[in-house]
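Asks: Got a structure for you, questions after.
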Amino acid sequence: MAEENTGLSNLLHEERHFPPSDEFARHAVAGAELYDQAKSDRLGFWADWSRKLLTWDTDFTETLDWSDAPTASWFVGGKLNAAYNCVDRHVEAGNGDRVAIHFEGEPGDTRTITYSDLQREVNKAANAFADLGVGAGDRVAIYMPMIPETVFAMLACARLGAPHSVVFGGYSADALNSRILDAEAKLVITADGGYRRGAPSSLKPAVDDALASGAPSVTNVVVVRRTGEEMTMTEGRDLWWHDVVDSASDQHACEAMDSEHPLFILYTSGTTGKPKGIVHTTGGYLTQCAYTHKNVFDLHPESDVYWCSADVGWVTGHSYIVYGPLANGATQVMYEGTPDTPHKGRWWEIVEKYGVSILYTAPTAIRTCMKWGEDIPAKYDLSSLRVLGSVGEPINPEAWIWYRHVIGGDRTPVVDTWWQTETGAIMISPLPGVTDAKPGSAQVPLPGISADVVDDEGDPVPDGGGGYLVLTEPWPSMLRGIWKNPERFKETYWSRFPGIYFAGDGAKKDEDGDIWLLGRVDDVMNVSGHRLSTTEIESALVSHEKVAEAAVVGAADATSGQAVVAFVILRGTASDSGDALVKELRDHVAHEIGGIAKPRRILVVSELPKTRSGKIMRRLLQDVAENREVGDASTLADSSVMDLIQEGLKTAK
Ligand code: WT7
């Protein structure tokens with residue numbers, strides 16, 4: 001099933017493998033004994049790591065309370081402050097002069113932020129937000145470019161116990177509005193804009209539009225000046241960051257929060273049109289972020305320079321730019337812009353400049369670099385790199401091999417890390433220096449994590465079999481629910497196979513029992529590692545006056561993994577079907593959701609394939625979108641529809 005949809009079936013014939021080098025194995029933090037420890041006492045294992053990696057203000061009395069399943073409570077009775085753990089304690093331990101963030105702006109401006117600097121900036125922001133009335137439990141929306149103030153703002157919220165809801169800067173005003181409304185945010189933090197592709201890209205006007213559509217909960221907007229472009233500031237509502245934050249005191253006494261205090265909400269696409277507000281809490285989330293960041297990347301905070309190329313607007317940025325690395329006292333690079341600005345070697349120039357030793361990026365970026373050619377990275381000294389990570393979608397073996405060979409100089413382990421917004425942190429991944437790596441496979445659940453592949457009945461498949469990926473035991477950084485929607489939480493993740501977590505991914509176990517991820521089995525697409533819902537784009541399309549019906553599929557794409565392809569039926573009165581209309585519809589989707597959701601192709605058709613119960617058979621449309629022979633259409637209400645669609649498309653060409 002899943003295999004046929006993703007075009008990744010070749011993965012299973014991959015026979016190359018890469019045992020860890022002796023040298024790496026000697027230096028690796030993680031040892032094979034982690035697996036044994038976790039196996040003999042899973043909860044004791046997590047309790048030990050939590051106490052080892054975090055500073056608890058009040059120790060916890062119980063590791064896991066699962067009595068209210070599927071809502072877990074981890075490290076019950078414990079109290080801690082996430083910002084204190086990410087900042088203050090490193091300063092107290094004498095590491096205040098260690099660089100926390102090497103910021104590299106797209107235009108070439110740089111900032112070096114030590115842990116002491118970070119402490120002052122976070123304290124000032126926390127004081128300023130508190131002056132604006134933000135307290136524990138209040139939600140704060142953050143709509144920002146990739147600049148240090150974004151990290152300051154998130155940590156300031158964490159310090160106050162105010163859950164942040166970061167909305168990716170590429171989302172539209174409408175998408176921002178619906179997220180602000182759902183979370184009932186009190187404060188919005190934004191910037192005039194950021195730099196992308198060599199030019200300022202504005203953000204504040206979208207906030208203005210989002211608030212103009214109605215957002216009664218919002219009392220203030222704090223705006224960082226980044227690009228210096230002219231902005232409209234609404235009197236009494238909008239405040240400049242440099243006015244309110246810079247003048248605030250840099251001393252702030254933080255309060256310890258309950259282990260289960262909500263740390264953030266992050267909206268992600270599901271199978272319906274409405275995004276889900278995934279809720280993460282403090283103690284368990286921070287434990288697993290720090291544990292995975294340390295062990296999966298073999299982090300040595302005193303000597304490594306780490307760089308995660310994700311945007312803070314996604315969960316990868318939350319867990320592996322903000323909470324994991326900073327909890328571990330790491331030194332990291334933060335880059336604002338696009339990889340080809342001002343030239344295609346920008347990323348490798350950054351690796352050389354800062355001596356990056358650990359790089360974490362997405363397969364789509366790797367494939368793009370492959371396309372640009374290996375002579376580009378060859379111009380730079382990449383010898384500082386020692387661990388390479390991949391995340392966001394299945395990595396095809398060729399991209400994996402290229403990554404290890406061209407970027408890693410055949411020295412570096414590559415870790416393919418599987419996880420989701422919902423899991424909060426990495427779940428399935430090889431351990432560098434430990435696992436005999438197989439290109440294209442995320443391989444094994446981390447020590448302390450229980451995953452399996454099951455069939456339609458929920459029974460584990462034997463080695464060599466395929467089915468659905470499930471998580472069979474609760475884990476510390478698991479989502480605690482969907483904001484204001486407990487029913488949807490149970491229904492989405494816990495009803496398919498009672499008592500175990502359904503991830504929505506197809507997977508196979510190879511002959512060694514290693515796990516290979518095969519893509520989503522639901523109506524969720526993965527475009528360049530971004531998660532998009534077919535239904536959400538369909539509703540954006542039908543909200544256009546010229547569209548009567550729409551069906552969206554993710555078609556296999558060599559660079560972006562999947563590409564959005566839309567089939568639309570026009571309203572009776574709309575006669576035009578040419579390029580202008582297609583452009584109009586693509587722009588409409590960008591306006592409704594954001595540029596990332598724009599369909600690559602829009603095909604105007606006269607009918608859509610539906611079952612007798614009226615469900616669109618996307619599988620058949622996917623065949624058309626991927627130029628394949630159309631599969632079994634016998635369950636269609638009208639079996640001639642597919643012929644009609646194909647005829648129509650032929651004549652349109
Ligand atoms: C979906 C989650 C995890 C942070 C970024 C995406 C896919 C993610 C892998 C991987 C195969 C992967 C899955 C998953 N995915 N990592 N290493 N191999 N697939 O987070 O937006 O919540 O998307 O991304 O389909 O369910 P997300």
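The values are calculated or read from the model by the stated rules, or taken from the named source; none is laboratory data. It should be emphasised that the depicted structure is a prediction, and the values quoted were computed from it without experimental measurement. We place every Cβ from the backbone using ideal geometry, glycine too, and count neighbours over all the protein chains shown.
Asks: Restricting attention to the stretch 407-416, does a residue exist that is away from the ligand (no atom under 16 Å from the Cβ), of a type in the set (A, V, I, L, M, F, W, C) and either surrounded by fewer than 24 Cβ atoms within 10 Å (Cβ to Cβ) or modelled with pLDDT under 95 (or both)? Steps first, answer last, please.
Replies: Within the stretch 407-416, the subset away from the ligand (no atom under 16 Å from the Cβ) is 407-412.
Subset that is of a type in the set (A, V, I, L, M, F, W, C): 407.
Retained after the next criterion (residues that are either surrounded by fewer than 24 Cβ atoms within 10 Å (Cβ to Cβ) or modelled with pLDDT under 95 (or both)): 407.
Yes: one or more hits.
Asks: Next up: Which residues, counting only those in the stretch 593-632, are crowded, with 19+ Cβ neighbours inside 10 Å, aliphatic (A, V, I, L, M), at pLDDT 90 or above and within 30 Å of the chain's Cα centre (by Cα)?
Replies: Correct list: Ile593, Ala597, Ile602, Leu603, Leu620, Leu621, Val624, Ala625.
Asks: Among the residues of the stretch 310-332, are any surrounded by fewer than 23 Cβ atoms within 10 Å (Cβ to Cβ), more than 21 Å from the chain's Cα centre (by Cα) and among the aliphatic types (A, V, I, L, M)?
Replies: Checked against the condition, which is being surrounded by fewer than 23 Cβ atoms within 10 Å (Cβ to Cβ), more than 21 Å from the chain's Cα centre (by Cα) and among the aliphatic types (A, V, I, L, M), the stretch 310-332 yields no hits at all.
Asks: Now a separate question. Would you check which residues across the stretch 63-118 are assigned to a strand (DSSP E or B) and in contact with a helix residue (DSSP H, G or I) (Cβ under 7 Å, 6 or more places away or on another chain) and list them?
Replies: Residues of the stretch 63-118 assigned to a strand (DSSP E or B): 63-65, 73-76, 79-80, 99-104, 110-114.
The answer is Thr63, Leu64, Trp74, Phe75, Leu80, Ala100, Ile101, His102, Phe103, Glu104, Arg111, Ile113.
Asks: In this structure, does Asp623 turn out to be in a loop (DSSP other than H, G, I, E, B), more than 15 Å from Gly648 (Cα to Cα) and without any contact (Cβ under 8 Å) to a residue 40 or more places away in the chain?
Replies: On the way: in a loop (DSSP other than H, G, I, E, B): no; more than 15 Å from Gly648 (Cα to Cα): yes; without any contact (Cβ under 8 Å) to a residue 40 or more places away in the chain: yes.
So Asp623 does not fit the description; no.
Quick grid of which residues meet (1) within 13 Å of the ligand (Cβ to nearest atom); (2) closer than 22 Å to Ala290 by Cα; (3) not assigned by the TED database to the domain that holds Arg196; (4) not aromatic (Phe, Trp, Tyr):
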residue	(1), (2), (3), (4)
Thr316	yes, yes, no, yes
Tyr320	yes, yes, no, no
Thr341	no, no, no, yes
Gly345	no, no, no, yes
Ile350	no, no, no, yes
Pro363	yes, no, no, yes
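Asks: Run Thr364 past the list (1) modelled with pLDDT of 95 or more; (2) in contact with a strand residue (DSSP E or B) (Cβ under 9 Å, 6 or more places away or on another chain) and report the number of the one that doesn't hold.
Replies: Against the list (1) modelled with pLDDT of 95 or more; (2) in contact with a strand residue (DSSP E or B) (Cβ under 9 Å, 6 or more places away or on another chain), Thr364 comes up short only on (1).
Asks: Out of the stretch 502-544, which residues are at positive phi and within 15 Å of the ligand (Cβ to nearest atom)?
Replies: Step one: list which residues in the stretch 502-544 are at positive phi, which gives 504, 513, 519, 528-529.
Those that are at positive phi and within 15 Å of the ligand (Cβ to nearest atom): Gly504, Gly519, Ser528, Gly529.
Asks: Counting residues that are crowded, with 18+ Cβ neighbours inside 10 Å, touching a residue at least 12 places away in the same chain (Cβ under 8 Å) and small (Gly, Ala, Ser), which strands (runs of 3 or more DSSP E) fully inside the stretch 495-565 reach at least 1? Before the answer, list the steps.
Replies: On the way: elements: 501-509, 515-520, 524-527, 530-533, 547-557.
Passing ranges, in order: 501-509, 515-520, 530-533, 547-557.
Asks: Still on this structure: Here is a check on your reading of the model: is Asp109 farther than 26 Å from Ala590 by Cβ, over 24 Å from the mean Cα position of the chain (by Cα), assigned by the TED database to the domain that holds Pro325 and charged (D, E, K, R)? Don't jump to the end; show me each part of the working.
Replies: Values: farther than 26 Å from Ala590 by Cβ: yes; over 24 Å from the mean Cα position of the chain (by Cα): yes; assigned by the TED database to the domain that holds Pro325: yes; charged (D, E, K, R): yes.
Yes, satisfied.
Asks: Within the stretch 369-400, how many residues are over 17 Å from Trp307 (Cα atoms) and either in a loop (DSSP other than H, G, I, E, B) or among the small types (Gly, Ala, Ser) (or both)?
Replies: Residues meeting the conditions: 9.
Asks: Within the stretch 407-459, which residues are part of a strand (DSSP E or B) and either over 21 Å from Tyr501 (Cα atoms) or not small (Gly, Ala, Ser) (or both)? Before the answer, list the steps.
Replies: Keep residues of the stretch 407-459 that are part of a strand (DSSP E or B), which gives 414-418, 428, 437, 443, 445, 451-454.
Scanning the stretch 407-459 gives Val414, Val415, Asp416, Thr417, Trp418, Ile428, Ala437, Gln443, Pro445, Asp452, Val453, Val454.
Asks: Can you tell me which condition Ala590 does not meet? The list is (1) away from the ligand (no atom under 16 Å from the Cβ); (2) more than 21 Å from the chain's Cα centre (by Cα); (3) at pLDDT 95 or above; (4) not assigned by the TED database to the domain that holds Leu471, and all the others hold.
Replies: The single condition Ala590 does not satisfy is (2).
Asks: Also, quick follow-up: Please go through (1) over 22 Å from Gly506 (Cα atoms); (2) within 16 Å of the ligand (Cβ to nearest atom); (3) at pLDDT 95 or above for Pro432 and return the number of the only condition it doesn't satisfy.
Replies: (3) is the only condition that Pro432 fails.
Asks: Here are some conditions: (1) of a type in the set (Gly, Ala, Ser); (2) closer than 29 Å to Thr338 by Cβ; (3) in a helix (DSSP H, G or I). Ala290 meets all but one. Which one does it not meet?
Replies: Of everything listed in (1) of a type in the set (Gly, Ala, Ser); (2) closer than 29 Å to Thr338 by Cβ; (3) in a helix (DSSP H, G or I), Ala290 misses just condition (2).
Asks: Here's another thing I want to ask about it. Specify the residue that is farthest from the ligand (Cβ to nearest atom); the eligible residues are those in the stretch 297-314 that are within 25 Å of Arg51 (Cβ to Cβ) and in contact with a Phe, Trp or Tyr (Cβ under 9 Å, 6 or more places away or on another chain).
Replies: Initially, the stretch 297-314 is screened for residues within 25 Å of Arg51 (Cβ to Cβ), giving 297-304, 306.
Next, from what is left, pick out any that are in contact with a Phe, Trp or Tyr (Cβ under 9 Å, 6 or more places away or on another chain): 297-299, 304, 306.
Details: Phe297: 14, Asp298: 18, Leu299: 18, Asp304: 21, Tyr306: 16 Å.
The residue in question is Asp304.
Asks: Just the residues that are under 22 Å from Thr316 (Cβ atoms) and not β-branched (Val, Ile, Thr), please, taken from the stretch 398-408.
Replies: Pass one, the stretch 398-408, residues under 22 Å from Thr316 (Cβ atoms): 399-400, 402-404, 407-408.
Scanning the stretch 398-408 gives Ala399, Trp400, Trp402, Tyr403, Arg404, Gly408.
Asks: Does Val166 count as under 30 Å from Thr71 (Cβ atoms), surrounded by 15 or more Cβ atoms within 10 Å (Cβ to Cβ), of a type in the set (Val, Ile, Thr) and touching a Gly at 6+ places or on another chain (Cβ under 7 Å)? Quick ask: steps written out before the conclusion?
Replies: Working: under 30 Å from Thr71 (Cβ atoms): yes; surrounded by 15 or more Cβ atoms within 10 Å (Cβ to Cβ): yes; of a type in the set (Val, Ile, Thr): yes; touching a Gly at 6+ places or on another chain (Cβ under 7 Å): yes.
Spelling it out, Val166 is indeed under 30 Å from Thr71 (Cβ atoms), surrounded by 15 or more Cβ atoms within 10 Å (Cβ to Cβ), of a type in the set (Val, Ile, Thr) and touching a Gly at 6+ places or on another chain (Cβ under 7 Å).
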